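Undergrad: Take this structure first; my questions come after.
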Amino acid sequence: MSKLPRICGADIALVPAPYGKAPILIDKFLMIAKRLQFPLQHIKATMPMPSGGITVGHVDKVCRDLGYDIMIGSGGGIHAHPDGPAAGARAFRQAIDAVMAGVKVSDYAEEHEELKTALTKWGTGKTGFQM
């Protein structure tokens, strides 16, 4: 699952993530994501994009597991924000800013309303998004 996108020249490859709604084992997820970036002859690395029910409460875990050279795929975590998609996008930016600054997302939310609202709605566990 990880070699084909690289061989084809993909810059980014979606990887179903176990944090949200994807029924995938964490070990398999990590293996796929890391194989996208490990040395493979002369072929450039492909950026993993964990996706599938990821909300702001998962940003810290995703970054701890995969590092910062990733793209997080979030649809419902942005568009289903109680205050609309613009607030959802701001909440994700706030969660990313917190993680990059080494601040707990829940602490950062105390002064960032969009993030606080999103954490109140979803917390840090499974989202239960329905397809």
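The values are calculated or read from the model by the stated rules, or taken from the named source; none is laboratory data. Small disclaimer: the values here were computed from a predicted structure and weren't measured. A quick note on method: Cβ atoms are made from the backbone with ideal geometry, for glycine too, and the neighbour counts reach across all protein chains shown.
Undergrad: Inside segment 27-39, can you point out the residues that are assigned to a loop (DSSP other than H, G, I, E, B) and surrounded by 14 or more Cβ atoms within 10 Å (Cβ to Cβ)?
TA: Once the filter is applied, which keeps residues that are assigned to a loop (DSSP other than H, G, I, E, B) and surrounded by 14 or more Cβ atoms within 10 Å (Cβ to Cβ), segment 27-39 yields 36, 37.
Undergrad: Are any residues in segment 40-54 part of a loop (DSSP other than H, G, I, E, B) and over 8 Å from the mean Cα position of the chain (by Cα), and if so, which ones?
TA: The answer is 41, 42, 44, 45, 46, 52, 53.
Undergrad: Just to be sure I understand, how many residues within segment 40-52 are surrounded by 14 or more Cβ atoms within 10 Å (Cβ to Cβ) and touching a Gly at 6+ places or on another chain (Cβ under 9 Å)?
TA: Total meeting the criteria: 5.
Undergrad: Every residue in segment 76-94 that is surrounded by 18 or more Cβ atoms within 10 Å (Cβ to Cβ) and closer than 19 Å to residue 106 by Cα, please.
TA: Within segment 76-94, 77, 78, 81, 88, 90, 91, 92, 94 qualify.
Undergrad: Another question about this same structure. Quick one: how many residues across segment 7-25 are at pLDDT 90 or above and either under 13 Å from residue 69 (Cα atoms) or surrounded by fewer than 18 Cβ atoms within 10 Å (Cβ to Cβ) (or both)?
TA: Number of matching residues: 8.
Undergrad: Being at negative phi, touching a Gly at 6+ places or on another chain (Cβ under 9 Å) and not in a loop (DSSP other than H, G, I, E, B) narrows it down to one of 24, 78, so name that one.
TA: Criteria check complete, one pass: 78.
Undergrad: Residues of segment 111-131 being at pLDDT below 95 and surrounded by 20 or more Cβ atoms within 10 Å (Cβ to Cβ), which ones?
TA: 122, 127
Undergrad: Being in contact with an Asp or Glu (Cβ under 6 Å, 6 or more places away or on another chain) and either under 18 Å from residue 12 (Cβ atoms) or in contact (Cβ under 8 Å) with a residue 12 or more places away in the chain (or both) is true for just one of 80, 109, 95, 87. Which residue is that?
TA: 87
Undergrad: Could you check how many residues of segment 53-75 are buried (at least 20 other Cβ atoms within 10 Å of the Cβ), more than 13 Å from residue 96 (Cβ to Cβ) and out of contact with any strand residue (DSSP E or B) (no Cβ under 7 Å at 6 or more places or on another chain)?
TA: Total satisfying the criteria: 1.
Undergrad: Could you check segment 55-75 and list, in sequence order, the residues that are closer than 16 Å to residue 16 by Cα, touching a residue at least 60 places away in the same chain (Cβ under 8 Å) and either among the hydrophobic types (A, V, I, L, M, F, W, C) or assigned to a helix (DSSP H, G or I) (or both)?
TA: Residues satisfying the conditions are 58, 61.
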